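Down below is the structure, laid out as structure tokens.
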Amino acid sequence: MAYNLLKGKKGIIFGALDSKSIAWKVAEQAYEEGAVFTLSNTPTALRFGQIDELAAKTGSVVIPADATNVKDLQNVLEQSMEVLGGKVDFVLHSIGMSLNVRKKRVYNDLDYNYLNKTLDISAISFHKVLQLAYNMDAINEWGSVVALSYIAAQRTLYGYNDMADAKSLLESIARSFGYIYGRERKIRVNTISQSPTRTTAGQGVKGIDGLLDFTNRMSPLGNADARECADYCITLFSDLTRKVTMQNLFHDGGFSNMGMSLKAMDMYNKSLEGTDTEDIPQ
Ligand SMILES: NC(=O)c1ccc[n+]([C@@H]2O[C@H](COP(=O)([O-])OP(=O)(O)OC[C@H]3O[C@@H](n4cnc5c(N)ncnc54)[C@H](O)[C@@H]3O)[C@@H](O)[C@H]2O)c1
């Protein structure tokens, strides 16, 4: 059901690759809610993904950019303002990638060139977007900028590797720039910390099937899916959340505040059957 929450609003959506992508769902929802926007992704993603289908469906222009490249990003902002006829009201940063994860380099054996790339693509690109948009005065007053994060920024989760460091930096950038944007421009900057989600990026997380099952059992409301994440993004782009800024907002069915749940305990106990637990201090 649409509520016209973004009627008359203009935006830029980074990171829609295919129909599983969180950014894809945000674009569909933003369109349903009355927004107009441009879409951006890397030239490679444009070749191998399905973004043209999304662009046709939502009447959007696609602007290629490697999010680590300042010139590319400047072009996205310039072209977006041209195509949309002025400053934008919202920006979604839905970008993440780790070459260490891809090349199976574990956290105690990182390749530092890859680490630099992870941080640049997954976190510093957010600073680049924010700095360029600030200098170009590209976002309207009471606009809203959202990036997607993960709880590995605060807690250690097996296998998340250097993306944990990238997410910590991403959230820090949201706070540091959120202060400046709020103070000077009345613009919100937040991150959403999303449940594990079955997307191309999600599929790269070590042991994703077990992780999805674990977080689902641990969360009183169950995992949040990509469509539900899009709904949350829409509320943050809307005028209903104008005083929410500099926050990392958990969108995870309650997982972040759980220690142990009945469902997870039941499963764990099953796996202990026949195991000697006598050595555990009582
Ligand atoms: N899937 C999950 O479990 C999960 C959970 C929490 C947060 N997130 C975050 O959500 C965001 C979106 O991921 P997703 O799950 O929708 O997966 P996805 O693979 O669909 O999206 C990741 C996007 O990043 C883009 N990208 C990679 N390198 C880029 C670069 N150099 N320049 C520009 N774009 C680049 C990819 O082309 C892709 O479109 C990421 O920041 C991810 O870390 C995902």
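The values are calculated or read from the model by the stated rules, or taken from the named source; none is laboratory data. Since the model is a prediction, treat every value here as computed from it, not as a measurement. Note that we place each Cβ from the backbone using ideal geometry, even for glycine, and neighbour counts take in every protein chain shown.
Do we have any residue at all in the range 2-17 that's among the aliphatic types (A, V, I, L, M), crowded, with 21+ Cβ neighbours inside 10 Å and within 9 Å of the ligand (Cβ to nearest atom)?
Quick first cut of the range 2-17, residues among the aliphatic types (A, V, I, L, M) only: 2, 5-6, 12-13, 16-17.
Subsequent filtering for residues that are crowded, with 21+ Cβ neighbours inside 10 Å retains 6, 12-13, 16-17.
Now restrict to residues that are within 9 Å of the ligand (Cβ to nearest atom): 16-17.
Scanning the range 2-17 turns up at least one residue that is among the aliphatic types (A, V, I, L, M), crowded, with 21+ Cβ neighbours inside 10 Å and within 9 Å of the ligand (Cβ to nearest atom).
Give the range 63-105 a look and list any residue that's under 22 Å from the mean Cα position of the chain (by Cα) and within 19 Å of W142 (Cβ to Cβ), or say none. Scanning the range 63-105 gives L77, S80, V88, D89, F90, V91, L92, H93. Residues in the range 46-75 that are within 13 Å of the ligand (Cβ to nearest atom) and part of a loop (DSSP other than H, G, I, E, B) were compared, and the one that is surrounded by the fewest Cβ atoms within 10 Å (Cβ to Cβ) is N69.
Of the listed requirements (1) of a type in the set (D, E, K, R); (2) within 19 Å of T200 (Cα to Cα); (3) buried (at least 19 other Cβ atoms within 10 Å of the Cβ), K103 misses just one: (3). Within the range 199-218, the set of residues being surrounded by 18 or more Cβ atoms within 10 Å (Cβ to Cβ) and either within 20 Å of A67 (Cβ to Cβ) or of a type in the set (V, I, T) (or both) comprises T199, A201, G202, V205, T215. Within the range 29-45, restricting attention to residues that are under 15 Å from L17 (Cβ atoms) and more than 9 Å from the ligand (Cβ to nearest atom), the residue that is surrounded by the fewest Cβ atoms within 10 Å (Cβ to Cβ) is P43.
Scan the range 177-198 for residues that are of a type in the set (D, E, K, R), surrounded by fewer than 20 Cβ atoms within 10 Å (Cβ to Cβ) and either closer than 21 Å to Y232 by Cα or within 13 Å of the ligand (Cβ to nearest atom) (or both) and jot them down.
Of the residues in the range 177-198, the ones of a type in the set (D, E, K, R) are 183-186, 188, 198.
This time we only want the ones that are surrounded by fewer than 20 Cβ atoms within 10 Å (Cβ to Cβ), so: 183-186, 198.
If the condition is that a residue be of a type in the set (D, E, K, R), surrounded by fewer than 20 Cβ atoms within 10 Å (Cβ to Cβ) and either closer than 21 Å to Y232 by Cα or within 13 Å of the ligand (Cβ to nearest atom) (or both), then K186, R198 are the ones that fit.
Exactly one residue out of A164, A201, A174 is at pLDDT below 95, outside any loop (DSSP other than H, G, I, E, B) and either out of contact with any Phe, Trp or Tyr (no Cβ under 6 Å at 6 or more places or on another chain) or near the ligand (Cβ under 8 Å from one of its atoms) (or both), and it is A201. Look at the range 8-30: where a residue is free of Cβ contacts under 8 Å to residues at least 24 places away in the same chain, no partner that is near the ligand (Cβ under 9 Å from one of its atoms) sits 6+ places away or on another chain with Cβ atoms under 9 Å. S256 meets each of the listed conditions (1) modelled with pLDDT of 95 or more; (2) under 17 Å from H93 (Cα atoms) apart from (2). Listed by first and then second residue, the pairs linking a residue in the range 66-89 that is touching a residue at least 60 places away in the same chain (Cβ under 8 Å) and of a type in the set (G, A, S) to a residue that is surrounded by 14 or more Cβ atoms within 10 Å (Cβ to Cβ) and in a loop (DSSP other than H, G, I, E, B), with Cβ atoms under 9 Å apart and 6 or more places separating them unless they lie on different chains, are A67/G15; A67/T42; A67/I95; S80/V61; S80/A138.
Screening the candidates L262, L249 for the property of being under 20 Å from K9 (Cβ atoms) and either surrounded by fewer than 16 Cβ atoms within 10 Å (Cβ to Cβ) or at pLDDT 95 or above (or both) yields one hit, L249. Restricting the first member to the range 39-50 and to residues that are more than 22 Å from L84 (Cα to Cα), and the second to residues that are part of a helix (DSSP H, G or I) and near the ligand (Cβ under 7 Å from one of its atoms), no beta-carbon pair is closer than 8 Å while six or more apart or on different chains.
Only residues that are more than 15 Å from the chain's Cα centre (by Cα), touching a residue at least 24 places away in the same chain (Cβ under 8 Å) and within 12 Å of the ligand (Cβ to nearest atom) were counted in the range 208-234, giving 3.
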